[in-house]
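The values are calculated or read from the model by the stated rules, or taken from the named source; none is laboratory data. These numbers come from a predicted model, not from an experiment. With ideal geometry, Cβ positions are generated from the backbone for all residues, glycine too; neighbour counts draw on all protein chains shown.
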Amino acid sequence: MSTLKRSFAIAFCAAVVGLAGCASTPGHNNYFDDAMVTARVKKAIYNEPALKVNEISVTTENAVVSLSGAVKSRNDRTKAAEVARHVEGVKLVKNELKVDPKVQ
């Protein structure tokens, strides 16, 4: 009886794992797609030579990226939104960055 229960449990786990892999279709804006977009935007902002700031927070929901935090100038604010717009998977950018000349 114990072997039967163990076999059933293994089969059940295999079925759940198999179905979970099918549940996530790329391009349908699920949690993992948004997480990937967020990571790409953060990397793009970090790699942009004109933007050496640590005060930018990036969140993504349904491929809509929100930028928040503080930057040194209006040019930095505009540049951060421009960089985010050019990242693959971004539909729209909400630029909520504040300009604060004291930001390093």
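Brief remarks follow.
- Among the residues of the range 64-81, those identified as assigned to a helix (DSSP H, G or I) and either of a type in the set (S, T, N, Q) or surrounded by 14 or more Cβ atoms within 10 Å (Cβ to Cβ) (or both) are ASN75, ASP76, ARG77, THR78, LYS79, ALA80, ALA81.
- Residues in the range 49-64 that are in contact with a Lys or Arg (Cβ under 7 Å, 6 or more places away or on another chain) and modelled with pLDDT of 90 or more were compared, and the one that is nearest to ASP34 (Cα to Cα) is ALA63.
- Cβ separations smaller than 7 Å between residues 6+ apart or across chains give the following pairs from the range 93-104 residues that are farther than 18 Å from GLU82 by Cβ to residues that are β-branched (Val, Ile, Thr) and modelled with pLDDT under 90: VAL103/VAL53.
- Scanning the range 57-80 for residues that are closer than 14 Å to LYS42 by Cβ, of a type in the set (A, V, I, L, M) and more than 12 Å from the chain's Cα centre (by Cα) turns up just one, ALA80.
- Residues of the range 42-63 satisfying the condition of being closer than 15 Å to ASP76 by Cβ, touching a residue at least 12 places away in the same chain (Cβ under 8 Å) and in a helix (DSSP H, G or I): ALA44, ILE45
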